[in-house]
Amino acid sequence: MTGSKLMTSAQAINDALRVLGEKDENVILFGEGILDHSAFFGTTKNLEEVYEHERIFEMPLSENALCGVAIGAAIAGKKSIISFHRVEFALLALEQIINNAAKMYYGSNGEHTCPIVIRLIVGRGWGQGPAHSQSLETVFSSIPGLKVIAPVFPLDYKGMLISATEDLNPVVCIEHRWTHSLKGYVPPGYFKENINGPKRISSGDHCTIVATSYSVIEALHAVEILKGFEIFIDLIDIRVLNPLDERIIV
């Protein structure tokens, strides 16, 4: 795409949050550690330059309350993007996520929408032990009313995050931290990638591999190796775990 820039997935997330904040004053950004020096793995770095202090702020370590604030703000017309450093932190907010956010539209007969994006990090590393080494995307993918996305590449991270923020109902964004360092070309400005279903990464007639999150990268290595043996693979990145569109896969 014209004007595309090479960046990491973490930089693409940061770029998405920046253009969202510039375009829509109803977008608010809060969570645990977003203003920390690590800037949530670099994804929220310098965003206070765009978001006024009323629109970007730290929250206490009370995940149920954090989600409750996001849901209330969403009902009041804001678009909340909330962040948890690890997926396990969201376990302390399941009552809000499952019983309130996911059911808001249906339970109110369409009177209320709940446009919130919940960023959750998976992927082991730095010796964090069993409490912070889990991949719990299937927990959220089993809940009606929750859309669950798992971007891998920088372009998808930016475009899908923007689309998720525009969605009228809650979207859980699963981010494998090993994908944050992947590099790719990303268009400038405000652009959207669909959050409706899978994407074919490579085409072939011998075998189909269906993967998600960091496993897509591992599968890509296999695809490249097998080409040397004249074995050509259909590789499909699921991208959207719930609702699962099986048409491309089938």
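The values are calculated or read from the model by the stated rules, or taken from the named source; none is laboratory data. Note that the structure is a prediction, hence the values are computed from the model and not measured. Don't worry about glycine lacking a Cβ; one is built from the backbone with ideal geometry, like all the others, and counts go over all protein chains shown. Only protein heavy atoms, including side chains, enter the accessible area calculation; ligands, DNA and RNA are left aside. Shrake-Rupley method; radii C 1.70, N 1.55, O 1.52, S 1.80 Å.
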field: Only one of Gly197, Gly159 that is at pLDDT below 95, out of contact with any Ser or Thr (no Cβ under 9 Å at 6 or more places or on another chain), within 27 Å of Lys78 (Cα to Cα) and not aromatic (Phe, Trp, Tyr)
entry: Gly197
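Conditions (1) crowded, with 23+ Cβ neighbours inside 10 Å; (2) assigned to a loop (DSSP other than H, G, I, E, B); (3) aromatic (Phe, Trp, Tyr), marked per residue:
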| residue | (1), (2), (3) |
| --- | --- |
| Gln134 | no, yes, no |
| Phe140 | yes, no, yes |
| Leu161 | yes, no, no |
| Gly184 | no, no, no |
- line: Quick count over the stretch 19-37, residues being surrounded by fewer than 19 Cβ atoms within 10 Å (Cβ to Cβ) and either charged (D, E, K, R) or touching a Leu at 6+ places or on another chain (Cβ under 7 Å) (or both), is 5
- prompt: Considering Ile236, Ile249, which residue is touching a Ser or Thr at 6+ places or on another chain (Cβ under 8 Å), of a type in the set (Val, Ile, Thr), farther than 30 Å from Cys67 by Cβ and at pLDDT below 95?
  reply: Ile249
query: What number of residues within the stretch 38-55 satisfy the criterion of being part of a loop (DSSP other than H, G, I, E, B) and either surrounded by fewer than 16 Cβ atoms within 10 Å (Cβ to Cβ) or in contact (Cβ under 8 Å) with a residue 40 or more places away in the chain (or both)?
result: 9
message: Take Ala73 and tell me if it is more than 20 Å from Thr44 (Cβ to Cβ) and either in a helix (DSSP H, G or I) or of a type in the set (A, V, I, L, M) (or both).
response: no
- prompt: Within the set of pairs 6 or more residues apart or between chains, which connect a residue that is in contact (Cβ under 8 Å) with a residue 24 or more places away in the chain inside the stretch 129-147 to a residue that is β-branched (Val, Ile, Thr) and open to solvent by 50 Å² or more (accessible area, probe 1.4 Å) with Cβ atoms less than 7 Å apart?
  reply: none
- request: Could you pull out every one of the strands (runs of 3 or more DSSP E) wholly within the stretch 199-250 that has 1 or more residues that are touching a strand residue (DSSP E or B) at 6+ places or on another chain (Cβ under 7 Å), crowded, with 18+ Cβ neighbours inside 10 Å and of a type in the set (Asp, Glu)?
  value: 233-237
query: Name the residues in the stretch 39-55 that are on the phi < 0 side of the Ramachandran plot and either of a type in the set (Lys, Arg) or within 19 Å of the chain's Cα centre (by Cα) (or both), would you?
result: Thr43, Thr44, Lys45, Leu47, Arg55
- prompt: Identify, please: which residue in the stretch 84-106 is modelled with pLDDT of 95 or more and outside any helix (DSSP H, G or I) and is, among those, most open to solvent (accessible area, probe 1.4 Å)?
  reply: Lys103
task: Look at Asn109 and say whether it is of a type in the set (S, T, N, Q), part of a loop (DSSP other than H, G, I, E, B) and open to solvent by 10 Å² or more (accessible area, probe 1.4 Å).
output: yes
statement: So, first residue at positive phi in the stretch 22-37, second residue of a type in the set (A, V, I, L, M) and surrounded by fewer than 17 Cβ atoms within 10 Å (Cβ to Cβ), Cβ within less than 9 Å, six or more apart or across chains; the pairs are Gly33/Ala39
query: So which of Ile28, Ile81, Ile71 ends up being modelled with pLDDT of 95 or more and under 24 Å from Ser133 (Cα atoms)?
result: Ile81
- prompt: Quick one: in the stretch 215-249, which of the residues that are β-branched (Val, Ile, Thr) and under 25 Å from the mean Cα position of the chain (by Cα) is nearest to Asp167 (Cα to Cα)?
  reply: Val240
